[in-house]
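K.L.:
Would you mind keeping the following structure in view while I ask a few things?
The values are calculated or read from the model by the stated rules, or taken from the named source; none is laboratory data. In this text, all values refer to a predicted model and were calculated from it rather than measured experimentally. As a convention, Cβ positions derive from the backbone with ideal geometry for all residues, glycine included, and neighbour counts pool all protein chains shown.
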């Protein structure tokens, strides 16, 4: 969806250097000290520049030609 960016929910470091914990289920989004709670707080506070972005996907592997025998 245009204008929507995915943010991280794994272990991370905040903009001020605090360690943030990972969450694993939807019910943990507001867990104290979690990356998801931090990301929601900075976005609601109008500081999306401080969010922890979702790590980019690694590039797809380059296909290799078949091996001839």
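K.L.:
Tell me which residues, restricted to the stretch 31-69, are farther than 12 Å from residue 12 by Cα, modelled with pLDDT of 95 or more and in a loop (DSSP other than H, G, I, E, B).
P.N.:
Scanning the stretch 31-69 gives 31, 32, 45, 46, 47.
K.L.:
Then there is this: Name every residue in the stretch 15-31 that is under 18 Å from residue 51 (Cβ atoms) and exposed (fewer than 10 other Cβ atoms within 10 Å of the Cβ), in order of residue number.
P.N.:
16, 17
K.L.:
Further, regarding this structure: If you go through the stretch 13-30, how many residues are in a helix (DSSP H, G or I) and over 25 Å from residue 3 (Cβ atoms)?
P.N.:
Kept after step one, since they are in a helix (DSSP H, G or I), are these residues of the stretch 13-30: 26-28.
Subsequent filtering for residues that are over 25 Å from residue 3 (Cβ atoms) retains 27-28.
Of the residues in that region, 2 qualify.
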